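The block underneath contains the structure these notes are about, expressed in structure tokens.
The values are calculated or read from the model by the stated rules, or taken from the named source; none is laboratory data. Predicted, not measured: the structure shown is a model, and the values here were computed from it. Heads up, the Cβs are rebuilt from the backbone with ideal geometry, glycines too, and the neighbour counts pull from every protein chain shown. These area figures cover heavy atoms from the full protein model, side chains too; ligands, DNA and RNA do not enter into them. Shrake-Rupley method; radii C 1.70, N 1.55, O 1.52, S 1.80 Å.
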Amino acid sequence: MNFNFEQAFNFFPVPTDIQFGPGVLQSLPSRVQALSARKAFLVTDSGLREAGILDTVVALLQGNGVEVEVCDRVKADSGSQLIDSTTAELKRSGAGVVIGIGGGSSLDTAKAIAALATNPGSCLDYIGLHKVRNKPLPVIAIPTTAGTGSEVTLWSVFTDDSRGLKVAIGGFLLYPSVALCDPELTLTLPAHLTASTGMDALAHAIECYTNTACQPISGALALEAIRLIGLHLRTAVLNGSNREARYAMMLASTMAGIAMNPTRLGLAHALAMPLGSWSLHVPHGLILAMLLPLAMEFNYLAQADRFVDVARALGEPIDHLSRMEAARSAVEAVRVLARDIGIPASMAAYGLRPEHIKPVVEEAMKSGNIPVNPRKTAAADLERILRSLL
Ligand SMILES: [Fe+2]
């Protein structure tokens, strides 16, 4: 692992109680009871109901004496209006714990409503870092994708419906109390979602590992996540019922999520927020899958030693290569991986047009991910990257 060994740094551990492994979902009722709650408010999307997972979870809770109220109206890039109206439902329900189950949007909505239950006003009043002051209701986060890492992060990302813009609430109080990471829940995830969410996890790990804020503790977690994803993402996409691949991908997603809390990410994630905004609703994972090789291409010269580590973690044969060639091979490895798992090379089909580029770049440049990007980034650089996706 390449680091500056004179670097002074701070690492804050994740306070979330992480329960990991096939079948850990079964411990949900006892987790609710350990949090002294008799009633749970469950937040999810209609896809989980259709997949039968919601019914299983509700039956599991009710069968063990836990009352449940369900909100299954979360959509991709769910918005502030849903958060505010669901908070009112949560308060009326008298539930003592919020359970978020699903992809990133369901988990982020659960985290936001739990915070709003004990903090007055609208979620829009808390955009930014450390604005939430009162301890939220406890959250149990149950991911059904291996990608966002939201179950172990301090962020809740959602759409500000008044502006159509993706925003985030962040802070130490936003961490879920418990994460139930059960790889069995991902066995039926469709191939295209496995591919895009897996690439999101890879983007978390690579942007974290190569950025200027990374330190050896986040670095170790991120590098192992990169290795696991390089070994297992293709299998998880092409043979979704492979338990080893699903286990490895969920582990990688969780490790990358823990790694990125203290470091933030890079230019691909800076662009992801506005590309998920306004009329552009390109799914977050797909944005990252398309942007990651382009961001790496732009960055590798500025942080070559770390990119050499990335290439090695991805299993590239680099021993006979020069340092720069080895760093460059990390970019190529990710490009080939994206191609192998069917990631499209253009956002045109998702509505990206030349007129979007200026406002997207303007918004991306305000991101806290830009100052830590390994290579100094100007608006013109982001414009060039986006044009290659038209
Ligand atoms: Fe992400």
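Assorted remarks:
- Cβ-based net charge around SER277, under 9 Å, with every Lys or Arg adding one and every Asp or Glu removing one: -1
- Rounded to the nearest 20 debye, dipole of the stretch 1-139 from Cβ charges on Lys, Arg, Asp, Glu: 400 debye
- Solvent-accessible area per residue, Å², over the stretch 1-56 with all protein chains present [probe radius 1.4 Å]: 57 Å²
- For the stretch 85-159 and the stretch 320-367, distance of Cα centres in Å: 30 Å
- Pairs with C-alpha atoms separated by more than 29 Å, drawn from the list LYS135/LYS358; LYS135/LYS376; LYS39/LYS366; LYS75/LYS135; LYS39/LYS166; LYS135/LYS166, are LYS135/LYS358; LYS135/LYS376; LYS39/LYS366; LYS39/LYS166.
- Here VAL336 sits with roughly 50 square angstrom of accessible surface, probe radius 1.4 Å.
- Probe 1.4 Å, accessible area per residue of the stretch 163-211, Å²: 23 Å²
- Accessible area, probe 1.4 Å, largest first, for residues ARG163, ARG353, ARG306: ARG163, ARG353, ARG306
- Accessible surface of HIS356 - all protein chains present, 1.4 Å probe, nearest 10 Å²: 30 Å²
- Percent accessible area from carbon and sulfur atoms, the chain, protein chains only, probe 1.4 Å: 54 percent
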